[in-house]
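A short worksheet on the structure shown next.
Values quoted throughout were computed directly from the atomic coordinates according to the rules given, and no laboratory measurement underlies them. These numbers were taken from a predicted model, which means no experiment stands behind them. Cβ coordinates were reconstructed from backbone atoms using ideal geometry, including for glycine residues, and neighbour counts include every protein chain displayed.
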Amino acid sequence: MARVYNFSAGPAVLPEEVLAEAASEMLDYQGSGMSVMEMSHRSKPFASIIETAEQDLRDLMGIPDNYRVLFLQGGASTQFAMIPMNLMRNKVADYVVSGSWSKKAWKEAKLYGDARCIANSDDENFSYVPDVKKLEISEDADYVYICQNETIYGTVYHELPDTQGKPLVADVSSCFLSEPVNVSDYGLIYGGVQKNVGPAGVTIVIIREDLISDDVFPGTPTMLRYDTHADAKSLYNTPPCYGIYLCGKVFKWLKAQGGLEAMKERNVEKAQLLYDYLDQSALFSGTARKEDRSIMNVPFVTGNDELDAKFVAEAKKAGIESIKGHRSVGGMRASIYNAMPREGVEALVAFMKQFEADNA
Ligand SMILES: *Cc1c(COP(=O)(O)O)cnc(C)c1O
């Protein structure tokens, strides 16, 4: 068996130990005589799987008791609608648009009320995070929305905006569990898990209890109401059982790695290897503004489309997979999530050095 170094932005690399353990339990989950895929979501073993997963996530992130954890479906994109449908009580919300994902969320929110773009980095192809120190927050805003790590452009907020008391809503899809967070700084944190946590099909929403109510946008479907899922403890209908089981295994893996402090340390080191090389390279350059660089997604270019294509093709032959950049930035993008080993980044940097020498 030959595993590649998978730099995909998502679905993305998962810890090998987790995959191996899941494989060993595929036919018979802990003496149940069946796979988790074949098991009732109302069964005892599954109740234990989802409860343990939630508790481990709470431990990892230090989630306070007044926050609920919801395991949902529909991807992060469904949250673009669910957030305004459930939280826009005054019909006003402020959005910081720092990339494609926050732009999509902002556009979707306009279907439900007055969604205002209060800062934008569109002018330089989203290569930076807008200044959020002196935002003009709308007095009647129900919440302030950010996408904390813009997966495509490789930018991250190093400082959260001052929301002047309004709940902060953050899409953390591509930085979920990459470093410690202070959950109390947010009203709602959410992400699709297929970037840094698990397989596609699960969306995790962490929401402060007082933001959950039955005062929702008229006609909101039952399945798109936070109170539905909070009241039923994520078991209103069949949840994405197997995905939740795998997320639970990743949570255990993260705990065994030393938790989020330790992950941050490793993630910063990995990213530094790549950025240090990029900063002195005569061929490659990073596309995100230095101060705003993500430690999860690293876009870079040669400035020559043909050379970029050659790089991607040759990298693939060297076992460096899915390194092609998103079309809106071009070039390459290395997504170096929690499960990407340091050796993977070292292999990438070594390959880049060789490529630079060969194409000087
Ligand atoms: C991938 C991604 C999304 C979209 O996720 P889906 O689960 O495909 O809907 C939203 N936000 C961010 C930051 C992402 O990286």
Dipole magnitude of region 153-255 about its Cα centre (Cβ charges: Lys, Arg +1; Asp, Glu -1), debye to nearest 20: 580
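Expressed in nm², what is the orientationally averaged projection area of the convex hull enclosing the Cα positions of the chain?
Over all viewing directions, the chain projects a mean Cα-hull area of 18.1 nm².
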Spatial separation of Cα centroids for region 211-226 and region 232-249, in angstrom: 21
Value of [θ]222 nm, deg cm²/dmol, for the chain, DSSP H segments ≥ 4, -39500 (n - 2.57) each, nearest 500: -11000 deg cm²/dmol
Efficiency of FRET from Cβ geometry, residue 257 and residue 359, R₀ 56 Å, rounded to 0.05: 0.90
Phi to ³J(HN,Hα) by Karplus 6.51 cos²θ - 1.76 cosθ + 1.60 over region 160-170, Hz, x for Gly, Pro: 7, x, 7, 8, 6, x, 7, x, 8, 10, 10
Aspartates and glutamates with Cα under 16 Å of residue 110, excluding same-chain neighbours fewer than 8 positions away: 94, 140, 142
Cut-off 12 Å between beta-carbons: net charge of the residues surrounding residue 359, Lys and Arg +1, Asp and Glu -1: -3
FRET efficiency, 1/(1 + (r/R0)^6) with R0 30 Å, evaluated for residue 328 and residue 350 via beta carbons: 0.60
Two-site FRET efficiency, residue 114 against residue 238, from Cβ-Cβ distance with R₀ of 35 Å, rounded to 0.05: 0.45
Top of 129, 156, 18 by mean-square fluctuation, Gaussian network on the chain, Cα under 10 Å: 18
Within the chain, longest stretch free of exposed GluC sites (Glu not before Pro) [DSSP loop, at most 13 other beta carbons within 10 Å]: 160-360
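Net charge around residue 346, counting only other residues with Cβ within less than 15 Å of its Cβ (Lys, Arg = +1; Asp, Glu = -1)? Spell out each step's value before the answer.
Working: positive: 266, 270, 342, 353; negative: 269, 276, 343.
Cβ neighbours under 15 Å give a net charge of +1.
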Separation of the residue 16 and residue 316 label points, Cα + 7 Å toward Cβ, nm: 2.3
Exceeding the 25 Å Cα-Cα cut-off - candidates 195/264; 133/252; 195/270: 133/252
Per-residue ³J(HN,Hα) for region 133-144, Karplus 6.51 cos²θ - 1.76 cosθ + 1.60, θ = phi - 60°, Hz, x for Gly and Pro: 6, 10, 6, 9, 7, 5, 4, 9, 5, 7, 6, 10
Surrounding net charge for residue 184, when Lys and Arg each add one and Asp and Glu each subtract one, Cβ distance under 13 Å: -3
Distance from region 67-112 to region 137-169 (C-alpha centre basis), Å: 12
For the chain, built as a Gaussian network whose Cα springs stay under 10 Å, the top-fluctuating residue of 270, 249, 133: 133
Contour excess over end-to-end distance, with Cα ends at residue 28 and residue 47 and 0.36 nm allotted per residue: 5.2 nm
Charge-dipole axis of the chain as Lys and Arg at +1 and Asp and Glu at -1 on Cβ define it, positive-most pick from 207, 157, 181: 207
Lys, Arg +1 and Asp, Glu -1 on Cβ, resulting dipole of the chain about Cα centre, debye, nearest 20: 620
